[in-house]
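Contents: one structure, followed by commentary.
The numbers here are math on the coordinates, done by the rules we state, and not lab data. Bear in mind the structure is a predicted one, so any value in this text is a computation, not a measurement. Backbone-built Cβ (ideal geometry, glycine too); neighbour counts: all protein chains shown.
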Number of protein chains: 2
Amino acid sequence: MLDSLFKPRAVAIVGASTKELSIGNVIIRNLQKYGYKGKIYPLNPSAPEVCGIKAYKTLEEIPDQVDLAHVIIPSKFVPQTIEDCGKKGIKAVIINSAGFSELGEEGARLQEDFLRRGKEFGVRVFGPNCQGIINSDPELKAYCNFTFTYPDPGYVSVVALSGGVGALIMQALADLGVGQRLYASNGNACDISIPEIVRYYGEDEGTKAVILYTEGFSNPGEFLEAAREVTAKKPILAMKAGRTEQGAKAASSHTGSLAGVDIATELIFEKTGILSFTDEGEMARAAMAFATQPIPKGNHVGIITNTGGPAVIATDVLVSCGLEVPKLGEKTIEKLKESQLPEAALENPIDVVATAGGSQFRGALDVLLDEDGVDSIFINFVTAPFTDTHEVARQIVEVNRLAKKPIVCNFMTDLSQGRFQITRDILKQGGVPIYANPSDAAKALGALVKYGSLKRRDIGLPETFTDVDAAKARSIIEQARQEGRSVLSATDVYTIFDAYGIPVARWRVVANAAEAVAAAEAIGYPVVVKVDCEEIDHKSDMGGVAVNLKDAAAVNAAVDDMESRLGSFGKLRYFVQKFLPGGRELIIGATAERGLGHLVMFGLGGIYVEVLKDVSFKIAPVTRVEAGEMLSSIKTAALLDGVRGEKGIDRGAVINLIQRVSQLLNDLPMIQEMDMNPVMAFEKGVYAVDGRIRI
Amino acid sequence: MLDSLFKPRAVAIVGASTKELSIGNVIIRNLQKYGYKGKIYPLNPSAPEVCGIKAYKTLEEIPDQVDLAHVIIPSKFVPQTIEDCGKKGIKAVIINSAGFSELGEEGARLQEDFLRRGKEFGVRVFGPNCQGIINSDPELKAYCNFTFTYPDPGYVSVVALSGGVGALIMQALADLGVGQRLYASNGNACDISIPEIVRYYGEDEGTKAVILYTEGFSNPGEFLEAAREVTAKKPILAMKAGRTEQGAKAASSHTGSLAGVDIATELIFEKTGILSFTDEGEMARAAMAFATQPIPKGNHVGIITNTGGPAVIATDVLVSCGLEVPKLGEKTIEKLKESQLPEAALENPIDVVATAGGSQFRGALDVLLDEDGVDSIFINFVTAPFTDTHEVARQIVEVNRLAKKPIVCNFMTDLSQGRFQITRDILKQGGVPIYANPSDAAKALGALVKYGSLKRRDIGLPETFTDVDAAKARSIIEQARQEGRSVLSATDVYTIFDAYGIPVARWRVVANAAEAVAAAEAIGYPVVVKVDCEEIDHKSDMGGVAVNLKDAAAVNAAVDDMESRLGSFGKLRYFVQKFLPGGRELIIGATAERGLGHLVMFGLGGIYVEVLKDVSFKIAPVTRVEAGEMLSSIKTAALLDGVRGEKGIDRGAVINLIQRVSQLLNDLPMIQEMDMNPVMAFEKGVYAVDGRIRI
């Protein structure tokens, strides 16, 4: 429970200062300015009062119970202060001071020290090296923070790793007139974590939507769990910065490095239904729509405009966001005629023209409310100086109050003119989300619609295949581990695949040419022969792979050749496998992500992965729905259906294979990396042809 | 010369009205409010005065010379009024009234009528169905427009097809505090065109940058010429709406429809060095930077920040915009140490930390000004309440005044607080472009950098190959035209290719199997045989193509088979050509664009064009540099260099071929469509294997 942090009835400021340009002074003035309803106890070694409030020399002296303490003192004194806080019964501490783990070893030792004492004395730590929290509840008004934006009460709560971005978002919301509920920026986050705060926001009844800024998670698994819990109750809008490092990582063609840490965060957002943004302004503007509007039931939008060009821009952006702008039915158009001016264009967008007044806007709105094929309403409203703009605003507000369908409004005006300010205030007070240009408004509606589809999306539960032999697979890996082998042999890999029902082309491992020929005869020609030796990593480049061998002579020759060139690496074995020409090459892989389990990758093999980097990822366990999404989300997905007269591939078999891989990874978390490259896919059936597992 | 329009010394308002909510009233009040220095002559059939100004019944009555008239009367009276204007010596008319070509035939007739009379009586027409113009020149202050934003004087001029978007951009610039020079929105644009206005802005010394909004051009060639002229003198920032239709068009796999009208506009922007935007807000914010900052010499940026997270976001966006954030040299870091606080991070971004004051900011700025490896400076400046923010602003302004390198500033603050308003005003008055969040600021800098690279880019002049036989090609096309053939025969096509030095695989056209065999023997096996008959369009689907024929028997069999199945189409001929296996399939094509010449297309053939739609376009004539850009701008460009041990293709030969195609199109403008699909490209050499020309 973080109530002591977010709902403190009394706050002590350890390190209160009489100097105006100091954090220990700004925090007290912020509490005062914001109208904090609790008690403030400044601590200062010499001053009798700070900011007009009686100051104390020690925590002990404070006559009352204290819930929360700010700590703004040199880092070396912090551990003792935490202990003192515990002794005073203080349950939560915000350490604003810097000088801990971010500064190297000595700081890290201090951090460990205060954490240990915090645990011993029952004190939860927020920070260090952080801003603090805000609770806008009119009954409390706790501004335990040194920043400068004073948010109005509202329903949006913000949590940001970076104080700078947190402040930025808070300011952007304030500028848009969006009320806020809770705010937290926890810097080093050594104890109270972002997942914990997100969970608290999830439980907070006053919070209707959560905004999150992060640069990655120290414990992604913990966040995934928290996010799953909270997104079931309310929307989370999130932004992850540090995207370009990910870009650099994704540029590499190796499976392992195709899946960077940064992909993981986006994948968590996707898996848990968090709405992801790459622009902080866009996120704040979307929050304005979330704060007042219902979630659209579908992606069909009706557009009302009193000006042409902005409707073209809006259409462009809405369509780019995945919305559809459906044609209106004949009946709808007939009904529109009753209210519209003769020069109005009765299509979608409905151009009510610049001279339209309140009754034209209202008529168009009513028609779109009744139209079943429309899920949301987009309005372009330019305050034409020759119309009664207040009346137009009042009509929009009346319809908005019905809350039947979400409405966003691009409101084009000059706010330096009083009469248009009034029009703006009518819309604002009526809860209409208004934007200064069509692209911004359209993107906000796009976010609502996208969230609607995330809410409706059901990825299902992971399937459990019962025809697997988990014990056998586990024992193979245990054996390898005991023998100190991190890369499994071909025999090991294919035996594990067999144990999980992963279809592979028929294979055998043999020791020499004669055995290879016998194996090939048993398997049936043509075959592939590959050298099987841990020491040889890039078999193909080393000449350790011979494909499409059609008879005994060819097999003999291939093995002799490898023996003579590669024998120096040690005792060679040979992997003989059915050669399967003519299928579509796929690649399926997995990597372990610290604290998160595995990321599973799917793509088309060959140049598609090497040159186009065209792959998709999911976090294991991968459900049937998610596996299907992996196939359809690559850019070259059309190739899976067959082109130029080729047959399409067996999607069902691939989806099945991905799910079996997912179960294998779930059962064998010690797997660090796994590659099936290629997987050969045919019209019927799919076969892992080359496999690699690293533990 | 559009001086009568943009610099009127006297304006008549035909259709002046005493009704406040009417255009004929709003325009007069706008002129008054904005402080128009010229004379205003309202025309009204009954009122003795309008808005306190003496009104006239007819133009004749006006005692003085009039330069410009607004016409706000029912459309049917407009032609006579234009004639009256001419008689009065009025050189320019803004027709605000609607009811012309946009309303169908009758309106179009009226439009033709007034255009004819305009020409006869020397009156240039602006509109109809339009807003008007604004000239902010303090000596004139002409607000000949019915919209509501009153821009401050400045250096940015705006031209917009749509009045709504024009007003939007004007308002966005005003909100950002960006001064404006000229404004024009010309609606139906039946006489004075956007190219003409752009040219006028180009010649206007007070205009330092042009902003353009369009939804396409009625005469793209005229615009291309005007844009080429103006971009040589000053930057044009432009936005084209209606992008999603283009998306739909580009989805079709046929060459012809891959090149839609909308691609053409973007290609004109590219060819003439216009900076293209897809977001109107982003364009206005970029204009703020263009209004005050020099153009960066390169793409290396130095970042100064007093807060962590926003610098991460800025880095993401800057890198996405193509900028580099270089490491600082050791000497630079040493020099930084002299001015920075001990806890500052002396990397790039330079984190001066939240407690940094003016001297820390100044120290960092000076170092970046001196650093050769840095072309521009990005500042994150959050107004930490415990610093002297005014002093920080003053230092930034002092450095900005040096104008040595472009500076943009993400200025994070709460403007509802007076002291931060002062800080803002210091920056604003000092000409520092400031933005409310890091993404917006970074995109504005990105636009400056992109413009710098457009300015430095030299596409060169089209080459002229002298070894071509234009007359021969022209006579073939003339012959086809006389015979009423729009699709040329294979012989025609290959003869034209030969005439332009476009390399083709050896070929002959024959009449029967025996001749086919003889041709094949002469060419050398293997060969391809294709039926050559205008009636058969999709030869391949019809079984009219046989590839890789290795001997006489195969050629015989192929021809016999085609004869028996396709003979019913008429007298068949056969096209026999050397079969060239093993190359990389390319596709090169062209389509005629109304009023613009030809668009030339390049792509990889087969699935790359069919499934991935991975093609690039240029407007002919295509220079060597542009042809090179066509090759490198497709997404699968890496395949041209060879992958997986394959050899790369002969880029020089492909570039040469594209230029020869360009010259052919230039010489033969009657060509409507041309396809070479495939062109086979090898390590050495390139051959058009299948060609099609439609006239």
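Ordered by the number of other Cβ atoms lying within 10 Å of each residue's own Cβ, fewest first, B:Asp64, A:Asp551 fall into the sequence B:Asp64, A:Asp551. Relative contact order of the stretch B:161-245, taken over Cα pairs closer than 8 Å and 6 or more residues apart, is 30 percent. Here the simple spin-label model places points 7 Å from the Cα toward Cβ, and for B:Arg228 and A:Glu324 these points are separated by 4.5 nm. For A:Asp137, the point set 7 Å out from Cα toward Cβ sits 6.4 nm from its twins in the other copies, listed from shortest up. Normalising the average separation of contacting C-alpha pairs (under 8 angstrom, six or more residues apart) by the number of residues puts the relative contact order of the stretch A:147-292 at 25 percent. Here A:Lys337 is the anchor, and the lysines within straight C-alpha reach of less than 20 Å, apart from those fewer than 8 places off in the same chain, are A:Lys327. Note on the stretch B:421-558: Cα convex hull, mean projected area over all directions, 17.3 nm². Across the stretch A:533-557, the residues whose backbone nitrogen lies under 20 Å from the label position 7 Å along the beta-carbon direction of A:Ser568 are A:533-545.
Can you give the calculated 222 nm mean residue ellipticity of chain A, where each DSSP H run of n ≥ 4 adds -39,500 (n - 2.57) and the sum is split over every residue, rounded to the nearest 500 deg cm²/dmol? Taken over chain A, the calculation gives -12500 deg cm²/dmol.
The slack in the chain from B:Glu478 to B:Lys404, taken as 0.36 nm per residue of separation less the alpha-carbon distance, amounts to 20.6 nm. Between helix B:330-339 and chain B there is an angle of about 20 degrees, using the helix long axis and the longest principal axis of the Cα atoms.
Rounded, prolate or oblate: which fits chain B when a ≥ b ≥ c are the square roots of the eigenvalues of the alpha-carbon gyration tensor, with rounded for a/c under 1.5 and prolate only if a/b beats b/c? Oblate is the answer for chain B, as a/c is 1.5 or above yet b/c matches or exceeds a/b.
Taking θ as phi - 60° and the Karplus parameters 6.51, -1.76 and 1.60, the scalar couplings of the stretch A:368-382 work out to 5, 4, 7, 6, 5, x, 10, 9, 8, 10, 10, 10, 9, 10, 9 Hz in sequence order, x denoting glycine and proline. Relative to the longest principal axis of chain A, what angle (0 to 90°, nearest 10) does the C-alpha long axis of helix A:308-320 take? With rounding to tens, the tilt is 40 degrees. Residues of the stretch A:370-403 with backbone nitrogen within less than 14 Å of a virtual label 7 Å along the Cα-to-Cβ line of B:Leu21, please, listed as ranges. Under cut-off, by backbone N: A:383-395.
Here's how it looks for B:Glu324: its modeled amide H is under 5 Å from those of B:His300, B:Val301, which are all 5 or more places away or on a different chain. In summary, the lysines within cross-link reach of A:Lys647, defined as a Cα separation below 18 angstrom excluding same-chain residues under 8 places away, comprise A:Lys684.
Take each residue of peptide A:159-167, count the partner chain Cβ atoms within 10 Å of its Cβ, and average: the result is 6. Summarising the amide proton neighbourhood of A:Asn380: residues at separation of 5 or more, or on other chains, whose placed amide H is nearer than 5 Å comprise A:Ile304, A:Thr305, A:Asn306, A:Asn410. Computed over Cα pairs, the Kirkwood radius of the stretch A:147-292 leads via Stokes-Einstein (0.890 mPa s, 25 °C) to a diffusion coefficient of 159 µm² per second.
For the stretch A:169-237, the square roots a ≥ b ≥ c of the C-alpha gyration tensor eigenvalues yield an a/c of 1.5 or more together with a/b not exceeding b/c, which makes the shape oblate. The H on the amide N of A:Leu140, modeled in the peptide plane, is under 5 Å from the matching H of no residue at least 5 residues off or on a different chain.
Based on the reciprocal of the average 1/r between different C-alpha atoms, the Kirkwood radius for the stretch B:265-417 equals 16.3 Å. The other copies place their A:Gly567 label points at 6.6 nm from this one, listed shortest first, where each point is 7 Å from Cα along Cα→Cβ.
Restricting the calculation to Cα atoms, the stretch A:506-579 shows an Rg/Rh of 0.93 when the hydrodynamic-style radius is the Kirkwood one. Between helix B:552-566 and chain B there is an angle of about 70 degrees, using the helix long axis and the longest principal axis of the Cα atoms.
Remark: the Cα gyration tensor places the protein assembly as shown in the oblate category, a/c being 1.5 or greater and a/b not exceeding b/c.
Normalised by the number of residues in chain A, the average gap of Cα pairs under 8 Å and 6 or more apart makes the relative contact order 8 percent. Of the residues A:Val374, A:Pro8, B:Ser185, the one whose Cα sits farthest toward the positive end of the charge dipole of the protein assembly as shown, with +1 on the Cβ of Lys and Arg and -1 on the Cβ of Asp and Glu, is A:Pro8. Cross-link partners for B:Lys233 among the lysines, with Cα-Cα distance under 24 Å and sequence neighbours closer than 8 places in the same chain left out: B:Lys7, B:Lys208, B:Lys271, B:Lys297, B:Lys404, B:Lys405, B:Lys443, B:Lys450, B:Lys455, B:Lys618. With each label modelled as a point 7 angstrom along the Cα→C-beta vector, the A:Ser540-A:Phe121 pair spans 6.3 nm.
Across peptide B:169-179, the average count of Cβ atoms from other chains found within 10 Å of a residue's Cβ is 2. Inter-label distance, B:Ile53 to A:Asp370: 4.6 nm, where each label sits 7 Å from its Cα along the C-beta direction.
Counted residue by residue at 0.36 nm each, then reduced by the alpha carbon distance between them, the extension gain from A:Arg506 to A:Lys87 reaches 143.8 nm. Here the stretch B:174-225 and the stretch A:571-646 have alpha carbon centers that stand 51 Å from each other. In nanometers and ordered shortest first, the copy-to-copy spacing of the A:Lys550 label point, defined 7 Å from Cα toward Cβ, is 1.1. Treating each Cα of the stretch A:427-483 as one equal point scatterer and applying the Debye formula with no solvent, the log10 of I(q)/I(0) at q = 0.15 Å⁻¹ comes out as -0.69. Counting Cβ atoms of other protein chains within 10 Å of each Cβ in A:380-386 and taking the mean gives 6.
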